[in-house]
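S.K.: Have a look at this one.
The values are calculated or read from the model by the stated rules, or taken from the named source; none is laboratory data. Bear in mind the structure is a predicted one, so any value in this text is a computation, not a measurement. Virtual Cβ from ideal backbone geometry, glycine too; neighbours counted across all protein chains shown.
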């Protein structure tokens, strides 16, 4: 083979005709990083209180509620009828009072065998039939104390049963690996000489995906894909927050201070509610909030405690600390979503002894040419008492 004599350059040697392999690459030593290293849902729920260490990947608990003292009319009632059709008739007992707000009328239940058609008499007459017609869907207030007659026997006791709830905790793994040759090869960014940089980026990716799962996760356990071994997924708040599920697309999608105040009213009614709610908003809702008058937003005193940047909005139904969660964006189809959280009860879960952590040097003893680390652990969330939360969709 003939010796390569090179290429003759006629005229001046320029940057475009010399041997490019001899030119130093103009490369900055620090790689630019795109993603932040904290995510709102993960950071806030961690700050709400100590994580709950569970003994099983299925974490169970019970909830107890007072019997609701309201219902609605389930079938049209005409003037002159002797009974009211009550949707939740098991909340009614004989000698209880029913108030019809729309008509400002009260009736006394006189029914020995309660079913949907609840026999009543007009109050305070003690006799007589329905005075004014009641339409389907009209609210009914049920007084769950016996309107006791002088000397009567104590009525039959009744109480409400606890309800069973559970949440799944999922195990997750994320590995990073580097060969000895790649590690010893010279890099512009010296952080790439070891696994440290890869490990840091992998941690961000893992936290980002946990953050997303805390919204969209579908709680489940299956044994099909792993041939009998259990695989779990945690349940996200979109699945959990069923009590106050507000779709604003039905009303045009606008998001105003009045809209937020009305939503908070639904979540702060109960004494178990925290004094300050926390709202996480997607791109569309946050754009609307950012356009509100400057007086509506102020830096939250909890910002340092939360560990992330949050503002505070004061409404007639309580204060709410608010923040933008960048995972609720158009790329994921979640830019119209938002959630209201309650810090009193909501907690992160993990299986005792298996929090999310980094394991270094997990490669086998004979694998001398590779270094491998793994992020592994268990994670879940619990949101007791669904009435304390809300989810919002359809923001325009």
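S.K.: I'm trying to understand the selection: among the residues of the range 54-64, which are more than 19 Å from the chain's Cα centre (by Cα) and either in a loop (DSSP other than H, G, I, E, B) or surrounded by 14 or more Cβ atoms within 10 Å (Cβ to Cβ) (or both)? Steps first, please.
M.R.: Going residue by residue through the range 54-64, those that are more than 19 Å from the chain's Cα centre (by Cα) are 54-57, 62, 64.
Those that are more than 19 Å from the chain's Cα centre (by Cα) and either in a loop (DSSP other than H, G, I, E, B) or surrounded by 14 or more Cβ atoms within 10 Å (Cβ to Cβ) (or both): 54, 55, 56, 57, 64.
S.K.: Filter the range 117-131 down to the residues that are assigned to a loop (DSSP other than H, G, I, E, B) and in contact with a strand residue (DSSP E or B) (Cβ under 6 Å, 6 or more places away or on another chain), then identify the one that is surrounded by the most Cβ atoms within 10 Å (Cβ to Cβ).
M.R.: Going through the qualifying residues, I end up with 130.
S.K.: Just to check your reading of the model, which residue among 118, 145, 100, 141 is over 30 Å from residue 205 (Cα atoms) and touching a helix residue (DSSP H, G or I) at 6+ places or on another chain (Cβ under 8 Å)?
M.R.: Values: 145 fails: touching a helix residue (DSSP H, G or I) at 6+ places or on another chain (Cβ under 8 Å); 100 fails: touching a helix residue (DSSP H, G or I) at 6+ places or on another chain (Cβ under 8 Å); 141 fails: touching a helix residue (DSSP H, G or I) at 6+ places or on another chain (Cβ under 8 Å).
After ruling out the rest, the residue left standing is 118.
S.K.: I would also like to ask the following. Looking at (1) in contact with a helix residue (DSSP H, G or I) (Cβ under 6 Å, 6 or more places away or on another chain); (2) at pLDDT 90 or above; (3) more than 26 Å from residue 167 (Cα to Cα), find the lone condition where residue 330 falls short.
M.R.: The one condition residue 330 does not meet is (1).
The rows are residues; the columns are (1) in contact with a helix residue (DSSP H, G or I) (Cβ under 6 Å, 6 or more places away or on another chain); (2) farther than 30 Å from residue 67 by Cβ.
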{"position": "157", "(1), (2)": "no, no"}
{"position": "162", "(1), (2)": "no, no"}
{"position": "173", "(1), (2)": "no, yes"}
{"position": "204", "(1), (2)": "no, yes"}
{"position": "207", "(1), (2)": "yes, yes"}
{"position": "215", "(1), (2)": "yes, yes"}
{"position": "232", "(1), (2)": "no, yes"}
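S.K.: Residue check: is residue 380 closer than 23 Å to residue 218 by Cα, crowded, with 19+ Cβ neighbours inside 10 Å and in contact (Cβ under 8 Å) with a residue 12 or more places away in the chain? Before you say what the answer is, go through the steps one by one.
M.R.: Values: closer than 23 Å to residue 218 by Cα: yes; crowded, with 19+ Cβ neighbours inside 10 Å: yes; in contact (Cβ under 8 Å) with a residue 12 or more places away in the chain: yes.
Yes; evaluated as a whole, the condition is true for this residue.
S.K.: Test each condition in (1) out of contact with any strand residue (DSSP E or B) (no Cβ under 6 Å at 6 or more places or on another chain); (2) modelled with pLDDT of 95 or more for residue 170 and report the one that comes out false.
M.R.: With (1) out of contact with any strand residue (DSSP E or B) (no Cβ under 6 Å at 6 or more places or on another chain); (2) modelled with pLDDT of 95 or more applied to residue 170, the lone miss is (1).
S.K.: Could you identify the single residue in 307, 316 that is in contact with a helix residue (DSSP H, G or I) (Cβ under 9 Å, 6 or more places away or on another chain), under 30 Å from residue 65 (Cα atoms) and surrounded by fewer than 20 Cβ atoms within 10 Å (Cβ to Cβ)?
M.R.: Details: 307 fails: under 30 Å from residue 65 (Cα atoms).
Just a single option satisfies the conditions, and that option is 316.
S.K.: Considering each residue of the range 335-345, count those that are surrounded by 20 or more Cβ atoms within 10 Å (Cβ to Cβ) and part of a loop (DSSP other than H, G, I, E, B), and give that number.
M.R.: So the first thing to find is which residues in the range 335-345 are surrounded by 20 or more Cβ atoms within 10 Å (Cβ to Cβ), and the list is 336-343.
Filter once more, so that each one left must be part of a loop (DSSP other than H, G, I, E, B): 336-337, 342-343.
Summing the residues that are surrounded by 20 or more Cβ atoms within 10 Å (Cβ to Cβ) and part of a loop (DSSP other than H, G, I, E, B) in the range 335-345 gives 4.
S.K.: Based on this model, can you work out whether residue 71 counts as in contact with a helix residue (DSSP H, G or I) (Cβ under 9 Å, 6 or more places away or on another chain) and in a strand (DSSP E or B)? Steps first, please.
M.R.: Numbers: in contact with a helix residue (DSSP H, G or I) (Cβ under 9 Å, 6 or more places away or on another chain): yes; in a strand (DSSP E or B): yes.
Judged against the criteria, residue 71 is a match.
S.K.: Can you tell me which condition residue 374 does not meet? The list is (1) in contact (Cβ under 8 Å) with a residue 60 or more places away in the chain; (2) within 26 Å of residue 268 (Cα to Cα), and all the others hold.
M.R.: Only one criterion is unmet by residue 374, namely (2).
S.K.: Same structure, new question: Residues in the range 145-163: is at least one in contact with a strand residue (DSSP E or B) (Cβ under 7 Å, 6 or more places away or on another chain) and outside any loop (DSSP other than H, G, I, E, B)? Before you say what the answer is, go through the steps one by one.
M.R.: At the first step, the residues of the range 145-163 found to be in contact with a strand residue (DSSP E or B) (Cβ under 7 Å, 6 or more places away or on another chain) are 147, 162-163.
Among the residues that remain, those that are also outside any loop (DSSP other than H, G, I, E, B) are: 163.
The answer is yes, given that some residue of the range 145-163 is in contact with a strand residue (DSSP E or B) (Cβ under 7 Å, 6 or more places away or on another chain) and outside any loop (DSSP other than H, G, I, E, B).
This table checks each residue for (1) on the phi > 0 side of the Ramachandran plot; (2) at pLDDT 95 or above; (3) loosely packed, with under 14 Cβ neighbours inside 10 Å; (4) within 33 Å of the chain's Cα centre (by Cα).
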residue: 151; (1), (2), (3), (4): yes, no, yes, no
residue: 180; (1), (2), (3), (4): no, no, yes, no
residue: 190; (1), (2), (3), (4): no, no, yes, no
residue: 197; (1), (2), (3), (4): no, no, no, yes
residue: 203; (1), (2), (3), (4): no, no, no, yes
residue: 208; (1), (2), (3), (4): no, no, no, yes
residue: 219; (1), (2), (3), (4): no, yes, no, yes
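S.K.: Another question, then. Take the conditions more than 18 Å from the chain's Cα centre (by Cα) and farther than 18 Å from residue 325 by Cα and apply them to residue 291. Does it pass?
M.R.: On the way: more than 18 Å from the chain's Cα centre (by Cα): yes; farther than 18 Å from residue 325 by Cα: no.
No; evaluated as a whole, the condition is false for this residue.
S.K.: Next question, about the same structure. Given the range 218-312, what helices (runs of 4 or more DSSP H) lie entirely inside it while holding 2 or more residues that are within 30 Å of residue 377 (Cα to Cα)? Write out each step before concluding.
M.R.: Working: elements: 237-240, 257-267, 283-290, 303-306.
So the answer is 237-240, 303-306.
S.K.: How many of the residues making up the range 83-101 are surrounded by 14 or more Cβ atoms within 10 Å (Cβ to Cβ) and part of a loop (DSSP other than H, G, I, E, B)? Don't jump to the end; show me each part of the working.
M.R.: Taking the range 83-101 and keeping what is surrounded by 14 or more Cβ atoms within 10 Å (Cβ to Cβ), we get 83-89, 91-100.
Filter once more, so that each one left must be part of a loop (DSSP other than H, G, I, E, B): 87-88, 92-96.
So the count comes out to 7.
S.K.: So, in the range 237-265, how many residues would count as being in contact (Cβ under 8 Å) with a residue 40 or more places away in the chain and closer than 26 Å to residue 165 by Cβ?
M.R.: Final tally of qualifying residues: 13.
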